[in-house]
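Trainee: Please find one structure pasted underneath; my questions will follow.
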Amino acid sequence: MPDQSTPMILSENIPTPPSLSPESGNGGSEVQKERSSISVDGVEYAVGLMWQPLQNPDDPIPEIRETMEAEPGIDLYCLRSATSPQYGVGRKSNGHKEGEPSAAAAVAGALADKTSACCVFKVPEGWWFVAIRNDLILSEEDVLFKTEEEAQQAFFSMMAVPDWEIRIAPQSWGIENSEEMDLAKLIKNTRKIRLVELSAIKRTQILLFIAIAILGLLGGLIYLIVSLWNTVFTQEKIVPMPMPEVIKPVEPIPEKPKPWEKIPETHVFLNKCWNNSYQLSSITIPGWQLGMVSCTPKGIMTSWSKSWNPGGRIAWLKAALNEYNLSPRVSVQLNDTGTNATGSVSFTDIPLVASVPTLTETQIRESLTDIAQATNLPIQFSKQTVLDPPNNADGTVPPNQQTYVFFSFSISSSYTPWEWRTFFDKFSGLDLQKIEFNPSIDSTNKWKYEGRIYAK
């Protein structure tokens, strides 16, 4: 298993790299920071991010927030799932943009089969330098230089560290055991890891606090009005007239809760599915291959199958789960032949919330169509109805039956649950029912989302 502490040991032999601060330098020469992005095949990629190893993949936000608070001005971050998970941070004031993919993460993904890589690419904006060690982008070694001399100085300084499996540099430099690569071809099929803003979570918490405060004030006002009404109009004792006969009123049949009044909280569900899928996919188990990871609000189901023959011992599977501290949470069952194992994780703390629909059928259909056109993704959706309660066995309609209209949807893409949060936040009355992650298929369709959106 890889040791996440290895890059920290290697950094003792590496000259101090430039930080995100515009005043800092690298190796005594001033680094020009006019640009924080490069254009690759018409796509703008973020460069110059500061990278840090991620200690707790299950709950990364507190760790990222601590880094942001320690470095004033940092307001964007991205999460990179790999054998050794890490995150990168940047600043809007330096030109970084929300939604922009990271160039360093794309190169690291393309060179995931290499133990280490030291790279310089000639780009229209200058000379971009990045270094990767043990599947970790080295801290602050993601730099865009304005001149070729500065890029050469950074590259040759990193050559003091031994055992680079691959060296990528312009052929004109004449460096032994190096090769020149086209950056656009290298990262063409890699997954885009995009920058997001942490302040969106803070804004949601503030709005929720304000809403609760307003509801509390309204409740107090209503209680005061009712108390005054009872005090003013019930002081005079009224003698009721005798009734010749007491007729017991017919009690109405209580109305059943509407389907959107108890929906699993979408953000909590996304967070749990993403964290657990990320951790399961990052485990390396010799001789075993991870299958489909399926998330529902009740929990996660997945499987492992033997990928070596002979090989893939049961002891190796259990040892890997113990090493990553997953044994207490993941329940594993083996088949009789010991060639297949199923794993499950139960969710018991996803809250149920009310999410009242606000859009009509026409508005939902137009919104889904517009999103499909904007993202160029094949979003499958269809209008459906549900009767609650359903008709009786003899076909008669029960009392107080309600008809609810909703649109079921299914989306397959390379975007992670973190990247789809903005889409799900657009709809009230949305019930996210299932998320699937398939690590063995093409990167463009690894994630699949299924659910329904109720109409107003």
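Trainee: Could you say whether any residue in region 232-246 is open to solvent by less than 100 Å² (accessible area, probe 1.4 Å), at pLDDT below 75, out of contact with any Asp or Glu (no Cβ under 9 Å at 6 or more places or on another chain) and outside any loop (DSSP other than H, G, I, E, B)?
Mentor: Filtering region 232-246 down to residues open to solvent by less than 100 Å² (accessible area, probe 1.4 Å) leaves 232, 234.
Keeping just the survivors that are at pLDDT below 75 gives 232, 234.
Now restrict to residues that are out of contact with any Asp or Glu (no Cβ under 9 Å at 6 or more places or on another chain): 232, 234.
Pick out the ones that are also outside any loop (DSSP other than H, G, I, E, B) and you get 232.
Yes - at least one qualifying residue is present in region 232-246.
Trainee: Out of all the residues in region 286-296, which are closer than 14 Å to Trp308 by Cα and open to solvent by 10 Å² or more (accessible area, probe 1.4 Å)?
Mentor: So the first thing to find is which residues in region 286-296 are closer than 14 Å to Trp308 by Cα, and the list is 286-290.
Within region 286-296, Pro286, Trp288, Gln289, Leu290 meet the criteria.
Trainee: Another question about this same structure. Scan Ser39, Ser84 and give me the residue that is touching a residue at least 12 places away in the same chain (Cβ under 8 Å) and open to solvent by less than 30 Å² (accessible area, probe 1.4 Å). Spell out the reasoning first.
Mentor: Values: Ser39 fails: open to solvent by less than 30 Å² (accessible area, probe 1.4 Å).
Within the list Ser39, Ser84, the selection yields Ser84.
Trainee: With among the polar types (S, T, N, Q) and not in a strand (DSSP E or B) as the only criterion, which of Ser355, Ser382, Ser344 stands out?
Mentor: Working: Ser382 fails: not in a strand (DSSP E or B); Ser344 fails: not in a strand (DSSP E or B).
Answer to the selection: Ser355.
Trainee: OK, next. How many of the residues in region 375-402 are aromatic (Phe, Trp, Tyr) and loosely packed, with under 11 Cβ neighbours inside 10 Å? Steps first, please.
Mentor: Start the filter on region 375-402 by keeping residues that are aromatic (Phe, Trp, Tyr), which leaves 381.
In the following step, the residues that additionally are loosely packed, with under 11 Cβ neighbours inside 10 Å were identified as none.
Residues that pass the stated criteria total 0.
Trainee: Wholly within region 100-204, which helices (runs of 4 or more DSSP H) include no fewer than the required count, namely at least 3 residues that are more than 21 Å from Pro85 (Cα to Cα) and under 27 Å from the mean Cα position of the chain (by Cα)? Talk me through it step by step, then tell me what you get.
Mentor: Working: elements: 103-110, 148-158, 183-186.
Hits in region 100-204: 183-186.
Trainee: Still on this structure: Within region 259-318, how many residues are free of Cβ contacts under 8 Å to residues at least 40 places away in the same chain and among the polar types (S, T, N, Q)?
Mentor: Our first condition is that a residue be free of Cβ contacts under 8 Å to residues at least 40 places away in the same chain; within region 259-318, this holds for 285-287, 304-318.
Narrowing further to those that are among the polar types (S, T, N, Q): 305, 307, 309.
Qualifying residue count for the region: 3.
Trainee: Let me ask something else. Phe424: touching a residue at least 12 places away in the same chain (Cβ under 8 Å), crowded, with 19+ Cβ neighbours inside 10 Å and aromatic (Phe, Trp, Tyr), yes or no?
Mentor: Working: touching a residue at least 12 places away in the same chain (Cβ under 8 Å): yes; crowded, with 19+ Cβ neighbours inside 10 Å: no; aromatic (Phe, Trp, Tyr): yes.
No.
Trainee: I've got another one for you. Only one of these is part of a helix (DSSP H, G or I), over 24 Å from Phe437 (Cβ atoms), more than 21 Å from the chain's Cα centre (by Cα) and of a type in the set (Asp, Glu): Asp370, Asp336. Name it. Reasoning before the result, please.
Mentor: On the way: Asp336 fails: part of a helix (DSSP H, G or I).
Testing whether each residue is part of a helix (DSSP H, G or I), over 24 Å from Phe437 (Cβ atoms), more than 21 Å from the chain's Cα centre (by Cα) and of a type in the set (Asp, Glu) leaves just Asp370.
Trainee: If you don't mind, another one. Looking at this structure, is Val196 within 30 Å of Ala108 (Cα to Cα) and either surrounded by fewer than 10 Cβ atoms within 10 Å (Cβ to Cβ) or modelled with pLDDT of 75 or more (or both)?
Mentor: The answer is yes for Val196.
Trainee: Restricting region 358-367 to residues that are assigned to a loop (DSSP other than H, G, I, E, B) and over 15 Å from Glu261 (Cβ atoms), which is most open to solvent (accessible area, probe 1.4 Å)? Full working, then the answer.
Mentor: Taking region 358-367 and keeping what is assigned to a loop (DSSP other than H, G, I, E, B), we get 358-360.
Filter once more, keeping what is over 15 Å from Glu261 (Cβ atoms): 359-360.
Details: Leu359: 42, Thr360: 58 Å².
My answer is Thr360.
Trainee: Looking at Gln86, is it polar (S, T, N, Q), under 23 Å from Phe129 (Cα atoms) and in contact with a helix residue (DSSP H, G or I) (Cβ under 7 Å, 6 or more places away or on another chain)?
Mentor: Spelling it out, it is not the case that Gln86 is polar (S, T, N, Q), under 23 Å from Phe129 (Cα atoms) and in contact with a helix residue (DSSP H, G or I) (Cβ under 7 Å, 6 or more places away or on another chain).
Trainee: When residues of region 310-339 are filtered for being over 14 Å from Ile285 (Cβ atoms), of a type in the set (Ser, Thr, Tyr) and either touching a strand residue (DSSP E or B) at 6+ places or on another chain (Cβ under 7 Å) or surrounded by 12 or more Cβ atoms within 10 Å (Cβ to Cβ) (or both), how many remain?
Mentor: 1
The values are calculated or read from the model by the stated rules, or taken from the named source; none is laboratory data. From a predicted model like this one, the values you see are computed outputs, not experimental measurements. As a convention, Cβ positions derive from the backbone with ideal geometry for all residues, glycine included, and neighbour counts pool all protein chains shown. Ligands, DNA and RNA are excluded from the accessible area calculation, which covers all protein heavy atoms including side chains. Shrake-Rupley method; radii C 1.70, N 1.55, O 1.52, S 1.80 Å.
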